[in-house]
Amino acid sequence: MAELMEALMLICFGLSWPLNAYKGLQARTAAGTSWQFIALITAGYLAGIAAKLVSGNISWVLAVYVVNLGCLALNWAVYFRNRRLDARRASECAPAAHAATSRLTV
């Protein structure tokens, strides 16, 4: 019963990660995304996996941890993609902003 409850908790958390990745893909920006939050959650899943391995309590629940970690990997990929898109947009806007400012000061 304890494994079932642990798996249920993991499934509830785990369902949010694909939704979050989809939202990030649609948003096309890293604004509002906290890499610290994703890092803490990743560390938590890694600790859960380590606990299963160290205790020798390797069961089907470990697979749920691994699937969740995979979904978090997708979130990391979307985050870094969006940061790259943000940087590209910023560099495209910077020359135009500089040109507008120099015309004002001349």
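The values are calculated or read from the model by the stated rules, or taken from the named source; none is laboratory data. Remember, it's a predicted structure, so these values are computed and weren't measured experimentally. Heads up, the Cβs are rebuilt from the backbone with ideal geometry, glycines too, and the neighbour counts pull from every protein chain shown.
When the range 24-43 is filtered for residues that are surrounded by 13 or more Cβ atoms within 10 Å (Cβ to Cβ) and part of a helix (DSSP H, G or I), the ones remaining, listed by number, are G24, L25, A27, W35, I38, I41, T42. Among the residues making up the range 1-45, those that are touching a residue at least 24 places away in the same chain (Cβ under 8 Å), over 19 Å from S59 (Cβ atoms) and of a type outside the set (S, T, N, Q) are W17, P18, A21, G24, L25, A27, R28, A30, A31, W35, I38, I41.
Checking each residue in the range 16-25 for being modelled with pLDDT of 95 or more and more than 12 Å from Y79 (Cβ to Cβ) picks out only Y22.
Among the residues of the range 22-67, those identified as within 15 Å of the chain's Cα centre (by Cα), over 17 Å from E3 (Cβ atoms) and of a type in the set (A, V, I, L, M, F, W, C) are L25, A27, A30, A31, W35, F37, I38, A39, L40, I41, A43, L46.
Yes or no, residue by residue, for (1) of a type in the set (V, I, T); (2) modelled with pLDDT of 95 or more:
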| position | (1), (2) |
| --- | --- |
| E3 | no, no |
| L8 | no, no |
| G14 | no, no |
| A27 | no, yes |
| I58 | yes, no |
| R83 | no, yes |
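Pick from the range 46-61 the residues that are in contact (Cβ under 8 Å) with a residue 12 or more places away in the chain and surrounded by fewer than 14 Cβ atoms within 10 Å (Cβ to Cβ): which of them is farthest from F13 (Cα to Cα)?
Start the filter on the range 46-61 by keeping residues that are in contact (Cβ under 8 Å) with a residue 12 or more places away in the chain, which leaves 46, 48-49, 52, 59-61.
If we keep only those that are surrounded by fewer than 14 Cβ atoms within 10 Å (Cβ to Cβ) too, we end up with 46, 59-60.
Numbers: L46: 14, S59: 19, W60: 17 Å.
Among those residues, the one meeting the criterion is S59.
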